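Structure first, commentary second.
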Amino acid sequence: MEIRKTEIEGCFILEPRVFEDKRGYFMESYNQEKFERLTGAKPFFVQDNESLSLKGVLRGLHFQKGEHAQAKLVRVLDGEVLDVAVDIRPNSKTFGKVVTTLLSSNNKKQMFVPRGCAHGFVTLSDTAKFSYKCDNFYNAESEGGIIYNDPAFNIDWILNQEDLIISEKDIALPAFKEAVPH
C-alpha cells in the first residue's frame, strides 16, 4: 500500500497494491498496522456506511461537531466520484485548505479524512457506490455543513452547475464563515 500526504494535515490518499490476473483481482483494502505505521493516525473504526448515487449527485460538504467528530476512510466500490475534503479546524496550520481527488472502482484509491474536516463528493459516472468507515458514531444533533459552492474554496466540481443534483438540506447549508468559527 502506498500512502501520500495531501495539502491538509492528517489527510492521506491511499493506493493499495492490486494483484490482477485472468481470474480478476485481489487487494488488501485496509490493514490497521500498516495504516498506523505509514500515517501515524490511529483511528478505531466503529461504523461502516455505504451510499449509491446517480450521476451528478453532490453530497456535502458535511461534518460532525465536537465530541461526535468523525475521521473517515472513503472509497468507491463501483463508479467514479470527485472526493473533497476541507480543513475546518481553526487551530490547524492547514485551516481552510481543500483537497480533491478522483476515487473510482478502477483506480481503487481511498482517502483518509481526519476529524475536523468537512467532506463531500460528486458522482461522475452513471452511478457510484461509495463506502466509508467512520471512527465515531453518527449523531444527528452534531451535524454540520458548508454550502458546496462557497467562494472561499472555489471548488471545481467538474460537472456543470445545471447537471448537479443536490438535496434541499445541502442547498440550505451556510457559508464557511457562518458554519465554522474563525
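None of the figures in this text is laboratory data; all of them are computed from the coordinates on show. Predicted model only: the values in this text are computed from it and were never measured. Glycine also receives a Cβ, built like all others from the backbone with ideal geometry; neighbour counts cover every protein chain displayed.
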Theoretical gain in end-to-end length, Tyr138 to Asn160 [0.36 nm per residue, Cα-Cα removed]: 4.8 nm
Gaussian network model of the chain, Cα within-10 Å springs - most flexible of Phe26, Phe112, Phe130: Phe26
Distance between modelled label sites at Lys42 and Lys55, nm, 7 Å Cα→Cβ extension: 4.6 nm
Computed FRET value (nearest 0.05) for Ser131 with Ile171, which takes r as the C-beta separation and R₀ as 22 Å: 0.30
³J(HN,Hα), Karplus 6.51/-1.76/1.60, whole Hz, each residue of region 37-45, x for Gly, Pro: 5, 7, 10, x, 7, 10, x, 10, 6
Leu77 long-range amide H proximity, modeled H, under 5 Å: Lys129, Phe130, Ser131
Viscosity 0.692 mPa s, 37 °C: Kirkwood-radius Stokes-Einstein D of the chain over Cα pairs, µm²/s: 196 µm²/s
Whichever aspartates and glutamates have a C-alpha closer than 19 Å to that of Lys42, once near sequence neighbours (fewer than 8 apart) are set aside: Glu2, Glu9, Glu15, Glu28, Glu33, Glu67, Asp87, Asp135
Proximal lysines relative to Lys22, as straight alpha-carbon distance under 29 Å, when same-chain residues fewer than 8 apart are discounted: Lys34, Lys108, Lys109, Lys129
Calculated from backbone phi, Karplus (6.51, -1.76, 1.60) coupling profile of region 14-24 in Hz, x at Gly/Pro: 10, 10, x, 7, 10, 9, 10, 8, 5, 7, x
